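Structure first, then comments.
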Amino acid sequence: MPKKLQVQLFLLDNLIWVIIAGFFLLNVVITPKFATYDNLVNIFYHSAIMSMLVLAQGLVMIIGLLDLSIESILAFAPGIALLLATKWLPGSIDPITCIFITLAVGALVGLFNGVFIAKIGVNPFLQSLSMLIMLRGVVLFLVPFSIFPLAKVYTYAGQARMVGNIPVAIPIVLIIFIIFHFILQHTTFGRYFVATGGNARASFVSGINTSKMVIWAFVISGILAAVAGLLAAGRQGSISNSMGDGMVMLSFAGAILGGASLDGGKGTPLGMLGGALLLGMISNSLNLLGVNVSLVYATQGALIFLAIIIDRVREKVRNHLLHQEQVKKMLCHEQQETNQLAIG
Amino acid sequence: MPKKLQVQLFLLDNLIWVIIAGFFLLNVVITPKFATYDNLVNIFYHSAIMSMLVLAQGLVMIIGLLDLSIESILAFAPGIALLLATKWLPGSIDPITCIFITLAVGALVGLFNGVFIAKIGVNPFLQSLSMLIMLRGVVLFLVPFSIFPLAKVYTYAGQARMVGNIPVAIPIVLIIFIIFHFILQHTTFGRYFVATGGNARASFVSGINTSKMVIWAFVISGILAAVAGLLAAGRQGSISNSMGDGMVMLSFAGAILGGASLDGGKGTPLGMLGGALLLGMISNSLNLLGVNVSLVYATQGALIFLAIIIDRVREKVRNHLLHQEQVKKMLCHEQQETNQLAIG
Amino acid sequence: QSEKKSETAGQDGKQLVFGMIIKDPTAPFIQAFINGAESKAKELGVKVDIKDGQADSLKIMELMDNFIVQKVDGFIMAGAVDLKAIVPGVKKLNEAGIPIMALDTSPEGGKVDMFLSFDIEQSSKKAAEAFVQGIKDRNGGEVPKGVVVEITGSLEDMFTQACTKGFRSVVDQYPQLTVVQGEGKWNNDDSNKRTSDLITRYGKEIKGIYVQTPDIMGAGVVTAIEAAGLNPKDYGITGICMGPEGLQLINEGKVLAIVEQPAFESAQLAVQYLYDLKNGKEIPKIGDTVTKDNALWSPAKVIENPWADEGAYMVLQGPLVPLEVKADNPLLWENKLSSLWKQENK
Amino acid sequence: MPVSALNAAGETGTVLRLSQISKIYPGTVALHNVNLDVQKGEVHGIIGKNGAGKSTLVGIIAGMISPTEGEIFVENKRFTALTRIISKKEKISIVPQDPQVILDFTVAENLFMGDYICRNRFVNWKEIYSRAEQILKKAGLHINARAKAADLSISERQLLLVLKAFYVENAGIVILDEVSASLSQKDEQILYKIIDQIKATGNTVLFISHRTDELLKVCDRVTVLRDGRTIVTESCADLNREKLSSLIVGEEFRANKRTQGSVPTCDMNEGPVLSVENLTRLGFYHNITFQLRKGEILGLAGLRGSGRTEILKSIAGIEPAEGGLIRVGGTVRRLTHPSQALKEGIVYLPEDRENEGILGTLSVRENLILNSLPAVSRGGVVNKARERQFTAGVIETLGIKTASQEQEVNQLSGGNKQKVVVGRIAATLPKVVLLDEPTKGVDISAKESILDIVRENLCKTAGIIMTSPGLDDLIMVCDRILILYRGEITGELSRADFSEGDLYMAVQGNKIENPS
Ligand SMILES: Nc1ncnc2c1ncn2[C@@H]1O[C@H](COP(=O)(O)OP(=O)(O)OP(=O)(O)O)[C@@H](O)[C@H]1O
Ligand SMILES: Nc1ncnc2c1ncn2[C@@H]1O[C@H](COP(=O)(O)OP(=O)(O)OP(=O)(O)O)[C@@H](O)[C@H]1O
Ligand SMILES: O[C@@H]1[C@H](O)[C@H](O)CO[C@H]1O
Ligand SMILES: [Mg+2]
Ligand SMILES: [Mg+2]
């Protein structure tokens, strides 16, 4: 394959990053203050929470399922942990433990979802939908008033800054993405995980414990949603019952933009990071551009739509390039044959 | 097959109605005022709008896809029609035409969705998600304040009552369900439709224009969402930009409870009517029972969960019954053979 | 005990039941409505059956129909997202002869026996005046040229529109100020993001940040300012509706001033008036002025309801905290209910 | 005949002609300037190795694939591309390589789908059911028209589509893409009978198969494809098995090594690697007892539905038995999950390749390595270099035709998909290999290589149980054959006693005279 084609294919296969780069450059030109250090930090920082949900959703999508409950776990996990620490067992839980409890609550909810889906065969949509509703209901009941102030350690991940005024949330999130990217690409667990999403029945027949993989998908998704909850609680310095409300739809958008598919077996964590960043960048630039507040929402929809169309065009271009290459090869081949005949 | 088994299977296959009957009887006993005429009318009336969305979603699910945009169409279609009638072309559109415009707007949005999904190959989730966001955004922009009062003819379907104080919305909705039930069961169009959902490739091979079917699914879904919008506008006597917000999740729940599946090819309109009614009944009885306000939401989630579990149990029981029958038949068969040998 | 029961029963001797629908249970002021109504109901020996409208007009009307089936003795509408959309439900309640009280916002049609609230627009005006005063104080008595940020609630909510109107009626008098909006959507996450974005965009040009309702959007704005390495004090945040978080922020000096929403008391008054109506007692009429000792909402003028077709509007006082009333005043509902929200400090 | 009656092809009786057809896929040239001409009323065979372009060719005729270049003439009409709908209007039907029925629909509706009988624009169900019953009866297929397609075996589903094409769609040209590969012997006979009937009515059949014997028996003429090019079209009368085979492979076809009776390799003194006692699953099979030794190839012969697949699936832990014992290496094991079976060194090659075999959207590499990941990883981390090397080895050994390790398996031809699955399990060095129709749909040289792998690689470490759609594969490689009839073992033959005639009688339920 010629170098040029290789580069072209590489760009097409990582189109989300190409789109991001393009959108970025566009904004550098047209959007005031966009390319300032502070703003770039902001984009990353404000995408952090959503990116955790995108990753959660994306991983469940890789396994071929979906999880609606993540936006409720985002509020439920820190809510329960903090109620334990301040009301039910006051004084006996330190903030670090409290962070672990938050993650454990997320994991438990995921385990519950996973077991019902993998072992009892409940439809994942309905399972996670009822969980979405139930957990939100419980949070409304248990946390009628916001819980605040929170201990510094607990808000550290969401609020603290490090050198260069960079929020620690950014490296935390990046590391999580890199770890998952590595796991999926380079560990046996990750490969079994992806295989299960590619064809669950065939994976089962070939001896993979597919229900274990499904359960893991939901457990991981629950933990990541809890991480998102930690970041959100840290950012606003409190835990409120409406945290995360309405975020799940965009988590799908981010994951699909990042290459995931509801059919399973597709997508990579780094692609999903790209999807989350694109969403964050769209909303940031619309705000900086000063688009009429009532139009921001519609424009956001339109831009997502545009991204989808670009993705379709990519497919076409990709096939076209490969096709041309093939034709070239064939002609070349025939040329040779004719030459040989002429010689022979 | 023995009569008893046939009856058992029939009940299992129509489990949604068995659950409804059971839940109904339970409520007659425990819920005050539940079994009053007015309340039963209320349940039907308040399920009418949701039932249209459930049918819309259910039909798209039968074809194996999904449509998130319906809850926005619910506000968008009547919004555009009324803006035309009152602002953009004032005086030149009579209410009846306005109703048709409402339906046409729904159909057009559906057409747009359908063409992009069937012809351009856009992912249906993303397509309808971006539509969901865009249309809601446009409505927010165009209808910052509610439009009202509305002409009587326009609110007729949603508001008028007939003999016995029955809202006309109830027969309208019932007739729509029956028509779709009939179409799916007894017309070639309907069979092509179900076949496409059951196995798109097999349908394609046998000469069915599957992309046309997909487009139809979205057009119908758009029209039904517009009908829901008409009913909602009639009910509240006005058109507001928040109409329908958040209903799409429950439309899935209703359709799946009614037998539809995200894999396509499953479910019937009457089953979906059952799903919508069950949701309506759950919410009604929780309200009449006076469950603590902060717990209603959680309880609703829990009851949906219960319904799902019952559905799973049904599957198990069904398979168990069929297996037993199979074994019985076999034993019987062997018995006969032995007899024959003995005779021979 | 039995004595109390007979005293508190309705005319026909049965316990009175009032239906109440809340907009949705997420915000603290809604919890104040719930607690206010329940405390009064307990005191009077009546029952309030409270339902969640889930921020959905159709849901609200379904619940209203249920109340009609249940033949409740009175009804309280505690806020709604869309005030026109629920009018058919209000009219049905009217037809069924069920008296109606409204809190927070008034239905824009039908008969509402009494609407009890501070005036959103007026209160926003008051907060906006304090906001401009803050700008002057920080700039040597002048209003300089610059940008002011307005963090709004959800756009589809009519409350938002009223807030904007009140705010603009003041700020628009200073043409040197440019208003930029960010949709905070009634939550701290969005208010935080929008504030960060706008701070990046306008930086030093920003002379102040107005938050429509700091009770549910203030904390997000404050953390955004602090995250940018700036001091909230320099932005003179004001708005209406305080809530526990707003109170905390005032105490920390991070918010300049907030107009108190008399949520708890308005719900108490609503239950009281329904009770009075059922027991044949008079409730205040248009033209009256209701006063009460030791009540921050007093004196309250009763005027004609400008939104509904028929009924009265009791305009409760909304004092500006901490300028008109100190933050530790025990009459503020945030302090009355502090046991419900104060955490063990550790 | 007047000259003007000559059609575009310039010959009488040509119903279908392809001219200079090419199809280029990203990464592959599937067809290159292919010409084909099909006479009215003939059964025209198409044969070629896996990936030669057979399915692509007929896909173009059926309007499912659009060619990159070339022309198609149907009767005298010229097309540069067909859609499925136009092709159907031209009375062309196809039964694709992987049977596609709608599982939730009844048998009758599957037959009439797309060709519903209507009255007043409404579907006339009564008529459909009675016509369906007639058709099933005429074909000699004893299935209930009201049963769901999901309850049929793969063979029955496949035959259903054949009936649909012939009797419902009344096609002038019927394309059968490797239909016989998934048919049981009995259904195969039904198929041949139907083809004869069709020929008699003057309709045309395009018949794809890898079985040279079958092709020579059924067809009038055969076209051989190799690497996307037409090699030759010949009359069957001028061909024999050897000639045809060398045309396909493109070299002198070496005669089968194994038919000359190779020696059993197993050591009878060693204990069995697997033994099964009274294994029972009600409704499927009962009291199955046998032993398997290392190096032994044990055949399971039986009719469609005799329970072969179910027995293998139970041993593989996929659908656990309800009663009986399974011993692996002498120890009783409860195998209720394939992962447990895998741990015991038992691997299963599924009959249903598309659904249970391949991971279609993943790459060839990811498929091949799946069961061997532990071998190329350390501490759960995969060594990419070793993985690639390993994969390359398997591709090489099995001769899998793929553009690269990274190609999606879905884009491979049917036979190459099969090789991928074989490759995946063979690479694990198993102790017990359960092969459910391993040679289904593979070309003759691939079949050779798969059977070679069985005999030469797998046998070294493992005992093998194998089924096959036909009996010849079993006769060719097995050391011992168990006869299954209605879920019971009714006989056993060892290599010395193999005779195709006896076996054929035995699987029909007849007692074997002198079981060894
Ligand atoms: N969608 C596709 N994308 C890319 N390549 C494809 C696609 N479909 C088929 N091919 C390639 O085209 C070639 C011909 O495939 P085809 O399915 O026609 O072979 P076949 O002769 O039917 O083989 P088999 O006997 O195994 O069924 C193969 O190399 C295959 O990998
Ligand atoms: N999923 C299923 N549901 C119901 N019955 C089934 C199912 N799978 C197989 N059967 C039935 O179980 C019996 C045994 O089938 P099995 O697949 O084991 O047979 P087989 O010998 O492998 O034959 P073949 O593979 O040719 O169908 C048959 O009667 C078959 O119809
Ligand atoms: O009190 C206000 C309003 O009722 C609004 O609807 C939400 O924010 C609160 O602060
Ligand atoms: Mg093929
Ligand atoms: Mg089988």
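Within segment C:52-188, how many lysine pairs that are 8 or more places apart, or on different chains, have C-alpha atoms less than 25 Å apart?
Count of close lysine pairs: 29.
Taking a ≥ b ≥ c as the square roots of the eigenvalues of the Cα gyration tensor of segment A:39-316, is the shape rounded (a/c under 1.5), prolate (a/b larger than b/c) or oblate?
Oblate.
State the percentage of accessible surface on segment A:136-243 attributable to carbon and sulfur atoms; use a 1.4 Å probe and exclude ligands, DNA and RNA.
That fraction is 74 percent.
In a GNM of chain C with a 10 Å cut-off on Cα contacts, which of C:311, C:36, C:229 has the highest mean-square fluctuation?
In the Gaussian network model the winner is C:229.
For the interface of A with D, what's the total buried accessible surface in square angstrom, probe 1.4 angstrom, rounded to the nearest hundred?
2800 Å²
Which one of B:20, B:99, B:120 has the biggest mean-square fluctuation once chain B is modelled by GNM with Cα springs under 10 Å?
B:120
Please report the carbon-and-sulfur percent of the accessible area for segment D:73-120; probe 1.4 Å, protein heavy atoms only, DNA, RNA and ligands left out. Intermediate results must be reported in sequence, preceding the final value.
Working: 1000 of 2010 Å².
Summing carbon and sulfur atoms, their accessible area is 50 percent of the total for segment D:73-120.
Just want to confirm a number: the relative contact order over chain A, from Cα pairs under 8 angstrom separated by 6+ residues, in percent. Before the final figure, lay out the partial values.
On the way: 514 pairs, mean separation 107.5, N = 344.
About 31 percent, as a whole number.
Take the alpha-carbon positions of chain D, form their convex hull, and give its projected area averaged over all directions (one quarter of the hull surface) in nm².
26.6 nm²
Going by the alpha-carbon gyration tensor, a ≥ b ≥ c the square roots of its eigenvalues, is segment A:111-230 rounded (a/c under 1.5) or, if a/c is not under 1.5, prolate (a/b greater than b/c) versus oblate?
oblate
For residue D:33 and residue A:320, what does the FRET efficiency come to when R0 = 25 Å and r is the distance between their Cβ atoms, rounded to the nearest 0.05?
0.70
Classify segment C:130-213 as rounded, prolate or oblate from the Cα gyration tensor: take a ≥ b ≥ c as the square roots of its eigenvalues, call it rounded if a/c is under 1.5, otherwise prolate when a/b beats b/c and oblate if not.
Since a/c reaches 1.5 but b/c is at least a/b, the shape of segment C:130-213 is classed as oblate.
Viscosity 1.306 mPa s, temperature 10 °C: Stokes-Einstein D of the protein assembly as shown from its Kirkwood Cα radius, in µm² per second?
The Stokes-Einstein estimate is 44 µm²/s.
Taking +1 at the Cβ of each Lys and Arg and -1 at the Cβ of each Asp and Glu, which of A:188, A:133, A:273 sits farthest along the dipole of chain A towards its positive end, judged by Cα position relative to the Cα centre?
Highest projection toward the positive end goes to A:188.
At a probe size of 1.4 Å, how large is the accessible area of residue D:221, to the nearest 10 Å²?
For residue D:221, solvent-accessible area is about 60 Å².
Modelling each spin label as a point 7 Å along the Cα-to-Cβ direction, I'd like the residue D:127/residue D:322 distance in nm, to one decimal.
So the two model labels end up 4.4 nm from each other.
May I have the count of lysine pairs in chain A with C-alpha atoms under 25 Å apart, counting pairs 8 or more residues apart or located on different chains?
13
Determine the per residue accessible area of segment C:180-236 with all protein chains present and a 1.4 angstrom probe, expressed in square angstrom.
Numbers: 1570 Å² over 57 residues.
Heavy-atom SASA per residue in segment C:180-236 reads 27 Å².
Using the Karplus curve 6.51 cos²θ - 1.76 cosθ + 1.60 with θ = phi - 60°, what ³J(HN,Hα) values do you get for each residue of segment C:321-328, in whole Hz, with x for Gly and Pro?
Rounded to whole hertz, the list is 9, x, 7, 8, 9, 6, 5, 9.
What nm distances, shortest first, do you get from the label point of residue A:92 to those in the other copies when the point sits 7 angstrom along Cα to Cβ?
Ordered by increasing distance: 7.6 nm.
How many nanometers, to one decimal and shortest first, lie between the label point of residue B:316 and those of its other copies, if labels sit 7 Å from Cα toward Cβ?
Residue B:316 label point versus its equivalents elsewhere: 5.1 nm.
Which order do peptides D:493-504, D:39-50 fall in by mean Cβ count within 10 Å, highest first?
Values: D:493-504: 15.0, D:39-50: 22.7.
In descending order of packing, they fall as D:39-50, D:493-504.
For segment A:39-316, with only Lys/Arg (+1) and Asp/Glu (-1) charged at the beta-carbon, what is the dipole magnitude about the Cα centre, in debye rounded to 20?
So the magnitude is around 240 debye.
In segment A:80-123, which residues become less accessible by 50 Å² or more once every protein chain is in place, relative to the chain on its own, using a 1.4 Å probe?
Correct list: A:86.
Using modelled backbone amide H atoms (1.01 Å from N, in-plane), which distant-in-sequence or interchain residues come within less than 5 Å of residue B:161's amide H?
Answer set, sorted by chain and number: B:168.
Taking each residue in C:176-183, count the Cβ atoms of any other chain within 10 Å of its Cβ, then average. What number comes out?
Details: counts 0, 0, 1, 0, 3, 6, 3, 6.
Per-residue shielding by partner chains comes out at 2.
Counting only heavy atoms of the protein chains, get the accessible area per residue of segment A:168-214 (1.4 Å probe) and round it to a whole Å² value.
33 Å²
So who's got an amide H within less than 5 Å of the one on residue D:69, skipping anything under 5 residues away but keeping other chains? H placed 1.01 Å off N, in plane.
Correct list: D:22.
Given the peptides A:275-285, A:56-66, B:133-143, D:235-245, arrange them by the average over their residues of other C-beta atoms within 10 Å, most packed first.
By packing density, highest mean first, the sequence is A:56-66, A:275-285, B:133-143, D:235-245.
Please list, by residue number, every one of the GluC sites (Glu not before Pro) in segment C:88-193 that is coil in DSSP and has at most 16 other beta-carbon atoms within 10 Å.
Qualifying residues, ordered by number: C:142.
Given an 8 Å cut-off on Cα distances and at least 6 residues of separation, report the relative contact order of chain C as a percent. Numbers along the way, then the final one.
Values: 746 pairs, mean separation 61.8, N = 346.
Relative contact order for chain C comes out at 18 percent.
Taking every residue in A:230-237, how many Cβ atoms of other protein chains lie within 10 Å of its Cβ, on average?
Taking the mean over all residues of the peptide, I get 5.
Kindly rank C:268-276, C:328-336, D:101-109 from highest to lowest mean number of other beta carbons found within 10 Å of each residue.
C:268-276, D:101-109, C:328-336
Whose amide H sits under 5 Å from the amide H of residue C:206, counting only residues 5 or more places off or on another chain, with H placed in the peptide plane?
For residue C:206, the qualifying residues are C:147.
Rounded to the nearest 100 Å², what is the sum over both chains of accessible area buried where C meets A, with a probe of 1.4 Å?
Counting protein atoms only, the buried area is about 3200 Å².
Given Cβ point charges of +1 (Lys, Arg) and -1 (Asp, Glu) and nothing else, what value in debye, to the nearest 20, does the dipole of the protein assembly as shown about its Cα centre take?
1160 debye
Could you check how much of the accessible area of segment D:317-454 is carbon and sulfur, as a whole percent, using a 1.4 Å probe?
48 percent
Suppose we compare each residue of segment B:127-158 in its chain alone and in the full protein complex with a 1.4 Å probe; which ones drop by at least 30 Å² of accessible area?
Checking the loss per residue gives B:129, B:130, B:133, B:134, B:137, B:140, B:141, B:145, B:146, B:148.
Which whole number gives the average count of other chain Cβ atoms within 10 Å of the Cβ atoms across peptide D:448-461? Write out the running numbers ahead of the final one.
On the way: counts 0, 0, 0, 0, 0, 0, 0, 0, 0, 0, 0, 0, 0, 0.
The mean count of partner-chain Cβ atoms within 10 Å per residue comes to 0.
For chain D, what does the relative contact order come out to in percent, with C-alpha contacts under 8 Å and a separation of six or more?
Result for chain D is 15 percent.
Residue B:166 versus residue C:303, label points 7 Å from Cα toward the beta carbon: distance in nm?
In this crude spin-label approximation the distance works out to 4.9 nm.
Just to confirm the filter: which trypsin sites (Lys or Arg not before Pro) across segment C:247-301 are DSSP coil and have at most 12 other Cβ within 10 angstrom of their Cβ?
Passing sites in segment C:247-301 are C:281, C:285, C:292.
If you count only protein heavy atoms with a 1.4 Å probe, what accessible area per residue comes out for chain D, rounded to a whole Å²?
Values: 20270 Å² over 516 residues.
On a per-residue basis, chain D sits at 39 Å².
As a test of the formula, what do you get for the protein assembly as shown when each DSSP H run with n ≥ 4 contributes -39,500 (n - 2.57) and the sum is divided by the residue count, at 222 nm and rounded to the nearest 500 deg cm²/dmol?
One gets -17000 deg cm²/dmol as the mean residue ellipticity at 222 nm.
Let me spell out the model: positive unit charges on the Cβ of Lys and Arg, negative unit charges on the Cβ of Asp and Glu, origin at the Cα centre of chain D. What dipole size does that give, in debye rounded to 20? Show your work: numbers first, answer last.
On the way: 63 positive and 62 negative charges, 175 e Å.
In total the dipole reaches around 840 debye.
The values are calculated or read from the model by the stated rules, or taken from the named source; none is laboratory data. If you're wondering where the values come from, they're calculated on a predicted model, not measured in any experiment. Every residue, glycine as well, gets a Cβ built from its backbone with ideal geometry; the counts of neighbours run over all protein chains shown. Note: areas computed on protein heavy atoms with side chains; ligands, DNA, RNA excluded. Shrake-Rupley method; radii C 1.70, N 1.55, O 1.52, S 1.80 Å.
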